Every structure is written in structure tokens, then in C-alpha cells.
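J.: After the C-alpha cells below, expect a handful of questions from me.
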Amino acid sequence: MFRIWRVLLLILSLAILSYARSSTGNSLLVVLDPSLSKDNYSIFFKGLEEQGYELTFRAPKDVTPAIIQDGIASFAHVILFTPETKTYAKDIVPQALVDLLSKNTNVIFALGSKQTPLTSLASEFSLILPPPGTPLISHFPERDTPATVVPIPVSFPSPALTSGLSPVWYSGIPFALGNNPLLVPFLNAPSESFAADTTEDSGADAIVDAAERGGEGLWAGKDMSVVTGFQTIDGGRALFVGGIELFSDEFAKKEVTKGVKSGNAQFARDVAAWTFQESLVLRVDGSTHHKVNETQPGDKYTTNDHVVYSTHISKYNPTTCTWEPFSGLTDMQLEFTMLDPHIRTSLPPVQGKPGEYSVTFRIPDRHGVFKFVVDYKRKGWTHLHSSTTVPVVPPRHDEYPRFLSAAWPYYVGAISTSAGFVIFSVLWLAGDDRGSRRRKGAKAE
Amino acid sequence: MAGPKASTAASKPASSAVDPNAIHSLWKAYNDTTPSRLKLIDSFLVFLMLSGIAQFLYCILITNFPFNAFLAGFGSCVGQFVLTASLRTQVNPENRGEFKDVSPERAFADFALGSIVLHFFVFNFLG
């Protein structure tokens, strides 16, 4: 009896362990347009369910469940599979979606070639969408699919993606990226692809004309993106996909070349993992500072003190749902600022101490209220920010150095004056008789 | 040395020929007529002046840090110089008429007391 219980417990704990959940929660709302069938995306949704997400489905015009209830986001993540939906229920408006992102909720937006509220929202995220009805077209490589169904090789080296992915089938619109540093491109269009409103080769003249005008008005080339992430300053993540077909079972099963399955399933899994804050999620566990040769943090420091600043960084591990020490950051910097950084130095990982980053430096010869600032912002990774305020005071009156070698001439001068005074006094008193006698003699003269 | 001097003396008989003689006679007169006690005071004054000049040059040419040490060292030279100079005035037999009621002993006692107070402040300020 006991043995069975034990085995059951073991299975249960293993099942819990195998669940990979997001670092922010596992409730997931899928807003699915009625024109799309859930079954067409079963591989993607089943994959999410196996990861441990609790999926709730809702049509765009349904009133419940609301995405924000009483000012609190009802779900940790939202997927908007509504590429062609023009009208939504009252609670899904662009402002509400932006509000969701600022509440650290993650959203996947599937865009389409039609003009919808989402396409105008996308431009607020520095995405520049082509005119309505101009999908991505590529005639290369030669294949039996329509020109709008394009295999895109995953050449972008993002750490969020599994390495060695097969090309991904794509059908949808491309978009140009503004120069917003918060954008995280995942998949760019192939070099030979372009966006056009017709797949007929008879309409190619317009494109040739555009190309001859120096590319003006031409949507073409590998600088266009088709899958791009956006990480808000607060850490919420959004993903913009130009075509919902990317997630479909049909594309996941479709072979890129004979015998090679497409990378769609894994790619969709990877970008969803990034969006739902499973991968590339970091946090600062804490930071300490103390003087060299001491262990306790000082409540204030004196100018020119040598101090040690160390911080501990963890990375979320989605396979065990735990935060693990992470020493992989090599380009982190520490700033010691009072309005401006007075010192900016690299903060390297400590050998043999996982997750520990430490640096020793001399506090500048300047007193005031300073801050230790770690501000680490890299594309795709969680933004790390840590700020600790410490006062820096000048030395107390009895803490200044004394008897400096530079002052020896002055010391010698003062001492020699005193010695001279003593010798002078001795000579004066010793010579008293002779002098008085002489003075008397002088008087007599 | 003597040759060029003689030639300048020949060409300009007015001032430059007189100078060496004037300095020499001044030195001779000082040696002969000054009492030895005043000579002692004078040598001390010269020493203080040279010491003060040396410290001042060190301050402006090399470093004035720490400034308090400079002030103490330089101030001790200047202060001692002033005290010694006033002692010289009071004990000079030629000034006997002006300091009738100040005996040389009294003058030295004032000088010694003033100097001790000065050195007390100097050493407090020096470190």
C-alpha cells in the first residue's frame, strides 16, 4: 500500500517538474476569431498545454472573460489570433492592450493583410506595415507552393531560438522596423522576397519600375521583418507575427525539402517561450557593497575609500521552474553616479561563484550622495536595473594623513627656528658678561 | 677680477668705482663698531630670513600642500624675525634714549616669553 502511494507521489512530483511554466504565470487567454478553427492550430496549442499553460478560448466579440477585471489583468498571457477581425468586444481596445503590457502581461499579436485595429496599434510599436493587401512574395527557391507561401531560413542568431532550425514556412505580410531599441527581431524576410499586391507576374512591371526609381515605395529585401518581439520598459513582452499561418498544423507538418520537416513547430514554441517570459529572463537577486577588508556594508563611505560592489544575477530555468544563478553576462557595467557617472567600470562574473558579479574600485575624491547603478539592457533579455544610494563624506578632521613627506621643508623650518631660538638664548645668556662689559667700555669711550 | 674693475673705474669714475669701496667700508665699519651681542642678533636674523625665503620658494615652486604646515613654518620664521628685530632695537645702545625704562634684561625676558608663545602656536599648527 505504502509502495503504491510512494510511486504515485513520485509520478506526481515528476509530472509537476516536467511542466515548464512561465516566470510570470500559466493562465493564457486565446482570443480566436470564429473564422479560424482551433483544430488548425492544435500542434501549437497542445504544445502550450503540455508546457503547463491553462488555455482559455474566447471569440473577439465575447464579453467574458474580460482581459482586465477591476484594473487587474485576468490572465498572465494573451494570444490574439484575430488577423482579420475589425470589431471587438468593448474590453479589447488598443489602450487596454497597451495597459496589459504595462501590467507585465505578455501578448502575441497575429497581424493580417487587412486594415484592422491591430495594424494601427502595431505602428505604435515602431512597426511600419505595408499598405493593406500586400503580402510577402518570393519566387525563390523554386517550389510547388504559391508564391505567397515562402520558406524562410532562420539566419538570425537570437539566443531565444533553438540553434539549427529548419527553414520556416511563412505566409503573410512583412513589415519594416523603426529604430526603436526595444524591438527584438526574430525572423527577417529572405533577400529575394518583396511585398506586392498581386501574385501575377503581369503586375511585375510596377515592381520593376519601383526598383528602377531606387527602391522608392518598394517593400523588399532582408531588412524587412516577419516575426518581431517588443519588450516594454517594465518587462512585458509582445510578439508581432505578420501571418497567423506560421502557427498552423499545415505548415508545421509541411516538408521544406524532401524528407526535411519545417522548423515551424519549434520556431513557434521558441518565440512563444520568449514572449511568455520563459527564456532570456533574468533578475537581480540582490547587491551588496562594503569596504575592502570588511564584510559589513558601510552606512557611508569616505572619499578615496576602496569599496567592493557585488551583485547576484539569476536566470529563470523553464524546465525546472526555478531561478538559477547565472554567470553568463560578460558585458555588464557598474556606474557610480552623482547626477553623472563619476565611475563606469565593468562588472565581471566572479570565478567559482555562480551568479556572483563583483568589482573593486576607488571612490572618487568628491563627496555627495552617490548611487551604485547597474543598468543592463540587451535586446531580447530582461532589462536589469539596480540602484543603491550611499552617502560619500569627506574625511573627519582627525582622519587626514599627518606628517607628509612633502611637508618636511616646513617641519625643518619650524624646528630649526625653535632650535635657533634656544641656541640664541644660550649664547645671549652666556655672552652676557662680555657684552655688558663691552657696552660699559663703549660708554666710557 | 681686478683688471676689468680697474678699467670700468677708469671709464666711469663716478658711481661704479665707488661701490666696492663703499660696501667694503660699510662692512668694515659694521665689524668694528657693532657690539658682539648685536652681531649675534644679526646673524640670527639672517638665518631666519634665509629659512623663510627657502620655505617660500619651496611653497611657490614645488607644493603648498599641506598649507597649514607652510603657514606654520613660514609664520614661525616671520614671527621670530619680528621678535628678534624688536629685541635688537631695544638692546641697541644707540637707542638707549628711547627705551630708558626698558633694561636689556627686561627686553630679553619679553623676547623669550613672546618666542615661547609663538612656538607653542607654531607647533600646534604644524602637524
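J.: At 0.36 nm per residue, and after removing the present C-alpha to C-alpha distance, how many nm does the segment from A:Asp39 to A:Leu339 gain when stretched out fully?
T.: Difference between extended and current length: 102.3 nm.
J.: Summing -39500 (n - 2.57) over the DSSP H runs of n ≥ 4 in chain A and dividing by its residue number, what mean residue ellipticity at 222 nm do you reach, to the nearest 500 deg cm²/dmol?
T.: -7000 deg cm²/dmol
J.: Taking A:Lys86 as the anchor, which aspartates and glutamates have their alpha carbon closer than 13 Å to its alpha carbon, excluding any fewer than eight residues away along the same chain?
T.: Those aspartates and glutamates meeting the cut-off are A:Asp33.
J.: For labels at B:His24 and B:Thr89 in the simple 7 Å Cα→Cβ model, what's the distance in nm?
T.: Here the modelled spin labels are 3.5 nm apart.
J.: While we're here: Across the residues of A:422-429, average count of Cβ atoms on other protein chains within 10 Å? Display every interim value, and only then the final one.
T.: On the way: counts 2, 3, 12, 4, 0, 5, 10, 2.
Shielding by partners across A:422-429 averages 5.
J.: At A:Asp299 and A:Asp331, where each label point lies 7 Å from the Cα along Cα→Cβ, what is the point-to-point distance in nanometres?
T.: 4.1 nm
J.: Place a label point 7 angstrom from the Cα of A:Lys371 along the Cα-to-Cβ direction, then list the residues of segment A:267-292 whose backbone nitrogen is under 14 Å away.
T.: None, by backbone N distance to the label point.
J.: Shifting gears a bit: Hey, got the dipole for chain A? About the Cα centre, +1 on K and R Cβ, -1 on D and E Cβ, debye to the nearest 20?
T.: 2600 debye
J.: Give the span of the protein assembly as shown's Cα atoms along each principal axis, as three whole-Å numbers ordered largest to smallest.
T.: The Cα atoms of the protein assembly as shown stretch 139, 83, 45 Å along their principal axes.
J.: Thinking of chain B as a set of Cα atoms, what percent of all their pairs are more than 21 Å apart?
T.: 59 percent
J.: Over segment A:282-393, what is the relative contact order in whole percent, taking alpha-carbon pairs under 8 Å and six or more residues apart?
T.: Computed over segment A:282-393, the figure is 29 percent.
J.: Tally the DSSP beta bridges in segment A:18-275 and give the antiparallel ones as a percent, rounded to 5.
T.: Close to 55 percent.
J.: Using alpha carbons only, how many degrees (0 to 90, rounded to 10) separate the axis of helix A:264-275 from the longest principal axis of chain A?
T.: The two axes meet at around 40 degrees.
J.: Hey, how many Å between the Cα centroid of segment A:150-171 and the Cα centroid of segment A:38-58?
T.: 22 Å
J.: Tell me, what HN-Hα J-couplings in whole Hz come from the Karplus equation 6.51 cos²θ - 1.76 cosθ + 1.60 at θ = phi - 60° for each residue of segment A:188-193, using x for Gly and Pro?
T.: Each residue of segment A:188-193 in turn: 9, 5, x, 4, 8, 8 Hz.
J.: How many nm is it between the label spots at A:Asp205 and A:Arg362, if each spot is 7 Å from the Cα in line with the beta carbon?
T.: Here the modelled spin labels are 7.6 nm apart.
J.: Cα centroids of segment A:359-412 and segment A:223-290: how far apart, whole angstrom?
T.: Each part reduced to its Cα centre gives a spacing of 43 Å.
J.: I would also like to ask the following. Could you please state how large a percent of the accessible area of segment B:35-126 is carbon and sulfur, counting protein chains only and using a 1.4 Å probe? Present the calculation step by step, with values, prior to reporting the outcome.
T.: On the way: 3590 of 4990 Å².
For segment B:35-126, the apolar C and S fraction of the accessible surface comes to 72 percent.
J.: Over chain A, calculate the relative contact order: mean separation of alpha carbon pairs under 8 Å at least 6 apart, over the residue count, as a percent.
T.: 13 percent
J.: For every other residue with a beta carbon closer than 15 angstrom to the beta carbon of A:Ser22, add +1 if it is Lys or Arg and -1 if Asp or Glu, then tell me the sum.
T.: Net charge in that neighbourhood comes out at +1.
J.: Also, quick follow-up: A:Ala59 to A:Ser102: FRET efficiency via 1/(1 + (r/R0)^6), r the Cβ-Cβ distance, R0 22 Å, to the nearest 0.05?
T.: Working: r = 25 Å, r/R0 = 1.15.
Efficiency, from the Cβ-Cβ distance: 0.30.
J.: Is the C-alpha gyration tensor of segment A:39-107 telling us rounded, prolate or oblate? Criteria: a/c under 1.5 is rounded; beyond that, a/b larger than b/c is prolate, otherwise oblate.
T.: oblate
J.: Need one word for segment A:282-393: rounded, prolate or oblate. Basis is the Cα gyration tensor (sqrt eigenvalues a ≥ b ≥ c); a/c below 1.5 gives rounded, then a/b vs b/c decides.
T.: In terms of gyration-tensor shape, prolate.
J.: In debye, nearest 20, what is the charge dipole magnitude of segment A:282-393 about its Cα centre with +1 on Lys and Arg Cβ and -1 on Asp and Glu Cβ, if you could check?
T.: 240 debye
J.: Separate question: Apply the Karplus parameterisation 6.51 cos²θ - 1.76 cosθ + 1.60, with θ equal to phi minus 60°, to every residue of segment A:151-161 and state each ³J(HN,Hα) to the nearest whole Hz, in sequence, with x for glycine and proline.
T.: In residue order, the calculated couplings are x, 10, x, 7, 9, 7, x, 8, x, 7, 9 Hz.
J.: Here is a follow-up. What net charge is computed for the residues neighbouring B:Phe44, neighbours being all others with C-beta under 15 Å from the C-beta of B:Phe44, Lys and Arg scored +1, Asp and Glu -1? Intermediate values should be presented prior to the final figure.
T.: Values: positive: B:Arg37, B:Lys39, B:Arg88; negative: B:Asp42.
That sum, taken over residues with Cβ under 15 Å, equals +2.
J.: Hey, which lysines would be in cross-link range of A:Lys300, C-alpha to C-alpha under 18 Å, not counting anything within fewer than 8 residues on its own chain?
T.: A:Lys291, A:Lys371
J.: Another one. Ignoring ligands, DNA and RNA, how much accessible area is buried between chains A and B, both sides summed, with a 1.4 Å probe, to the nearest 100 Å²?
T.: Answer for the A-B pair: about 2800 Å² buried.
J.: Give me the percent of DSSP beta bridges within the protein assembly as shown that run antiparallel, rounded to the nearest 5. Write out the running numbers ahead of the final one.
T.: Details: 64 of 84 bridges.
About 75 percent, rounded to the nearest 5.
J.: If amide H atoms are built 1.01 Å from N in the plane of the peptide, which residues on other chains or at least 5 residues away come under 5 Å of the amide H of A:Gly172?
T.: For A:Gly172, whose amide H was placed from the backbone, the distant partners under 5 Å are A:Leu136.
J.: If amide H atoms are built 1.01 Å from N in the plane of the peptide, which residues on other chains or at least 5 residues away come under 5 Å of the amide H of A:Ile108?
T.: A:Val78, A:Ile79, A:Leu80, A:Leu239
The values are calculated or read from the model by the stated rules, or taken from the named source; none is laboratory data. Because the structure is a prediction, the values reported are computed rather than measured. No Cβ is skipped: glycine too gets one built from the backbone with ideal geometry, and neighbour counts run over all protein chains shown. Protein only, heavy atoms only, side chains kept; ligands, DNA and RNA dropped before computing areas. Shrake-Rupley method; radii C 1.70, N 1.55, O 1.52, S 1.80 Å.
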